[in-house]
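Read the structure below first, then the notes.
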Amino acid sequence: MEPTSSQPTASPAPDSPETEHPNGVADRDATRQAKEQSVGQRPGTLTIRSDALIPRLFMISYTNDFFLEKEYSSYAELMQYFQANQHLKHWIDVRGYNDLALLQHLMADFAIHPLLMEDVLSDYQRAKVDILDDGRLFLVSRMTEFTPLLEIDDDQLSIFTGPNYILSFQDDYEDCLEAVRNRLRSGFSQIKSRSSLYLAYALTDVVLDHYYPTMAAIGDYIETLEHRILTGRRGDRRLLNRILHVKKDIIRFRRLVYPEREKIAEILRQPEDVIPDDIKLFFRDCYDHAIQSLDLAESYRESVSSLVELFMSDQNNRMNEVMKVLTIISSIFIPLSFVVGLYGMNFQREAPDGRINHLNMPELYEPWGYPVLLGVLAIIVMGQLIYFYRKGWLTSR
């Protein structure tokens, strides 16, 4: 037996906030274009997206007392080692799809049906499980993260199980599976001592566990939006757009998790000869995680709906404040306008025949008439302000 290798692998670093990922909208557009290009083609036709990455081949070979992790530049070299070491368990990880010849070799060597490979390349399959005729499993999961662009990005993870191997496909070089790799790198891990089907469970579990940081990031963002509403910061239209955008993200996340729950439920319904009971015990834990993720998504959806109501209520309160100020200003100027309009009437004190009309505004000819009128107007304004203040109309909310 070969000695245990602890050499570092050439696999990419774990996910970080600065990792570049394709924009979710652009990725969906590319997927839609690929589907449109395949319209009318016979089932099982392999269509590769124009923006697909060049494949990188990784393989982890392990047993209880052996571990080897390596990136292979040649598929022939990988298969040579795989076929020569059937006593080992292997995780073959293919990252990138842009090599039709390689995919065809994989289909031939691992007995993959063209329809299943078509599902792999479509890259936007719902989470599901297919039980193959020989008892192998085909699993599809959705890996998620909340990107610095404040949106949910998801990638497809496709897994084929075998008697001594796991074959996984993904379209990106970066993923959320580093925790599983670290467990394999450690001196002792249950993954090493159990069947390869347990590794399929471990990959599914870490994908589900990664839903929690995604939802936690969304929860923090919801709290930030709520704080912005309560502090009355400006940019109202943009703020409402962000609230509606995160609401769509939560709905989309729920659509990703719901099939995951159904997939695990389907696994738990399989007979003992397909899924052993000792493995089902672990998948039940995955089922609980899926339920919790759905509950979180539902809770956040209600929170965002409440956030929309809070935003609209805040806008109505602001409008009421504006209307209150305008009403107070109007109330102050209404009596002043009345007095000024009253003295603006052109009733002449002296008639054309020279007689004096004593009832026609005699105060117009008083020496102190104008200062007295200004004083009366000032007293009216002060009286109104005092009245409004005592009523509490001048205090802010």
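Checked against (1) assigned to a helix (DSSP H, G or I); (2) over 23 Å from Ile267 (Cβ atoms); (3) among the hydroxyl-bearing types (Ser, Thr, Tyr), Tyr173 passes all but condition (1). Selection of first residues in the stretch 302-325 that are exposed (fewer than 12 other Cβ atoms within 10 Å of the Cβ) and of second residues that are assigned to a helix (DSSP H, G or I), restricted to Cβ pairs under 6 Å at least 6 apart or on distinct chains, gives an empty result. Under the condition of being part of a helix (DSSP H, G or I) and either surrounded by fewer than 17 Cβ atoms within 10 Å (Cβ to Cβ) or touching a Cys at 6+ places or on another chain (Cβ under 8 Å) (or both), the residues counted in the stretch 260-278 number 7. Within the stretch 131-151, can you find the residues that are crowded, with 16+ Cβ neighbours inside 10 Å and outside any loop (DSSP other than H, G, I, E, B)? Leu137, Phe138, Leu139, Val140, Ser141, Arg142, Met143, Thr144, Glu145, Phe146 - these are the residues of the stretch 131-151 that are crowded, with 16+ Cβ neighbours inside 10 Å and outside any loop (DSSP other than H, G, I, E, B). Which residues, counting only those in the stretch 176-223, are of a type in the set (Val, Ile, Thr) and without any contact (Cβ under 8 Å) to a residue 60 or more places away in the chain? Selection gives Val180, Val206.
Checked against (1) of a type outside the set (Asp, Glu); (2) in a helix (DSSP H, G or I); (3) buried (at least 19 other Cβ atoms within 10 Å of the Cβ); (4) over 12 Å from the mean Cα position of the chain (by Cα), Arg237 meets all criteria but (3).
The combined condition, being of a type outside the set (A, V, I, L, M), surrounded by fewer than 12 Cβ atoms within 10 Å (Cβ to Cβ) and part of a loop (DSSP other than H, G, I, E, B), is not fulfilled by Phe338. Just so you know, in the stretch 341-364 the residues that are in a helix (DSSP H, G or I) and surrounded by 10 or more Cβ atoms within 10 Å (Cβ to Cβ) include one that is farthest from the chain's Cα centre (by Cα), and it is Pro362. Give me the residue from the stretch 48-77 that is without any contact (Cβ under 8 Å) to a residue 60 or more places away in the chain and closer than 19 Å to Leu203 by Cβ and, out of that set, surrounded by the most Cβ atoms within 10 Å (Cβ to Cβ). Among those residues, the one meeting the criterion is Ser61.
Every number here is computed from the coordinates shown, using simple stated rules; none is lab data. The structure displayed is predicted, hence computed values, not measured ones. Here the Cβ is made from the backbone with ideal geometry for all residues, glycine too, and neighbour counts use every protein chain on show.
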